[in-house]
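A.B. asks: Below: one structure in structure tokens.
The values are calculated or read from the model by the stated rules, or taken from the named source; none is laboratory data. Keep in mind that this is a model prediction, so the values were computed, not measured. Cβ placement follows ideal geometry from the backbone for every residue including glycine, while neighbour counts extend to all protein chains displayed.
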Amino acid sequence: MQTTTANSSWLFAFTHWNWKAAVITAIFRGAACMAALRHVHPHARQHFSLVEMAYVLLTAGIFSAWQQQALGIHPRYLAWLVAVVAMPFTSLSADVLIHGLLDHVNAHALGVSALVFTLTSAMFHWHVMQNGAMLVGEQSRSLLSDIKQLPGLMLSFVATPVSRLRELLATNPVDPTEESDMEAAA
């Protein structure tokens, strides 16, 4: 029984390849690349975008399956680090390598924006999956149902950090009349 569980754990990325995330990510990343490389010759820009879409179609489903599998990791901060930091950095590094081999486009300008986009996307994807959307397998719902849920999830993705910051400030209010450590030291 232990072997079956271990094998199914290793095969999860292939048995739960997330086609929903792969298709949506490929469309958005291909379009983002075309927009970011608008100054490049159209043929080179289209080739770069097609390589990006193909890479994402092949890998986003696997990485998203691993993100879904990470929902079961405890403690939660470790699951978040794996799903939002480790996997996206690994994917982005492989993406850079693939483009370095296949494209002759100077895409250094994409570096920082790609990193920000990748991390923000991974955080949003984690948020969406934690709320039951964009999952595959036994926990899956229809793509249409997931898409209908996305506007509310986008709103909660933006609102959650703001409300948590308000809660934190409410429990630890800053008193402007209180002398700071820096002022006391001076």
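A.B. asks: Just one of Leu169, Leu155, Leu165 is at pLDDT 95 or above and hydrophobic (A, V, I, L, M, F, W, C); which is it?
C.D. replies: Numbers: Leu169 fails: at pLDDT 95 or above; Leu165 fails: at pLDDT 95 or above.
Only one candidate passes the filter, namely Leu155.
A.B. asks: Would you check if Val96 is in a helix (DSSP H, G or I), at pLDDT below 90 and in contact with a Gly (Cβ under 9 Å, 6 or more places away or on another chain)?
C.D. replies: Details: in a helix (DSSP H, G or I): yes; at pLDDT below 90: yes; in contact with a Gly (Cβ under 9 Å, 6 or more places away or on another chain): yes.
For Val96, the condition - in a helix (DSSP H, G or I), at pLDDT below 90 and in contact with a Gly (Cβ under 9 Å, 6 or more places away or on another chain) - is met.
A.B. asks: Let me ask another. Mind listing whichever residues of the stretch 31-82 are without any contact (Cβ under 8 Å) to a residue 60 or more places away in the chain, of a type in the set (Val, Ile, Thr) and farther than 20 Å from Met123 by Cα?
C.D. replies: Going through the stretch 31-82, the residues without any contact (Cβ under 8 Å) to a residue 60 or more places away in the chain turn out to be 31, 34-35, 38-39, 41-43, 46-63, 66, 70-82.
Imposing the further condition that a residue be of a type in the set (Val, Ile, Thr) reduces the set to 51, 56, 59, 62, 73, 82.
Result: Val51, single match.
A.B. asks: Another question about this same structure. For the stretch 51-93, enumerate the residues that are surrounded by fewer than 14 Cβ atoms within 10 Å (Cβ to Cβ) and either under 19 Å from Phe28 (Cβ atoms) or in contact with a Leu (Cβ under 8 Å, 6 or more places away or on another chain) (or both).
C.D. replies: Residues satisfying the conditions are Leu58, Val85.
A.B. asks: Provide a single number: the residues in the stretch 107-146 that are assigned to a loop (DSSP other than H, G, I, E, B), surrounded by 13 or more Cβ atoms within 10 Å (Cβ to Cβ) and not hydrophobic (A, V, I, L, M, F, W, C). Explain how you work it out, then say what you get.
C.D. replies: Within the stretch 107-146, the first condition is being assigned to a loop (DSSP other than H, G, I, E, B), and the residues that meet it are 107-109, 131-136, 140-142.
Next cut, surrounded by 13 or more Cβ atoms within 10 Å (Cβ to Cβ) only: 107, 131-136, 140-141.
Right, trim to not hydrophobic (A, V, I, L, M, F, W, C) and you get 131-132, 140-141.
Number of matching residues: 4.
A.B. asks: Taking Phe14, is it surrounded by 20 or more Cβ atoms within 10 Å (Cβ to Cβ), modelled with pLDDT under 80 and not aliphatic (A, V, I, L, M)?
C.D. replies: The answer is no for Phe14.
A.B. asks: Among Gly137, Gly152, which is the only one that is within 27 Å of His16 (Cα to Cα), among the small types (Gly, Ala, Ser) and in contact (Cβ under 8 Å) with a residue 40 or more places away in the chain? First the steps, then the outcome.
C.D. replies: On the way: Gly152 fails: in contact (Cβ under 8 Å) with a residue 40 or more places away in the chain.
Being within 27 Å of His16 (Cα to Cα), among the small types (Gly, Ala, Ser) and in contact (Cβ under 8 Å) with a residue 40 or more places away in the chain holds for just one of Gly137, Gly152, which is Gly137.
A.B. asks: Please indicate, with yes or no, whether at least one residue in the stretch 9-23 is assigned to a helix (DSSP H, G or I), of a type in the set (S, T, N, Q) and under 21 Å from Leu97 (Cα atoms). Show your work before the answer.
C.D. replies: Looking only at the stretch 9-23, we keep the residues that are assigned to a helix (DSSP H, G or I), and these are 9-15, 19-23.
Of the ones still in play, those that are also of a type in the set (S, T, N, Q) are 9, 15.
Then drop every residue that is not under 21 Å from Leu97 (Cα atoms), which leaves none.
Within the stretch 9-23 (the criterion being assigned to a helix (DSSP H, G or I), of a type in the set (S, T, N, Q) and under 21 Å from Leu97 (Cα atoms)), the answer is no, since none of the residues qualifies.
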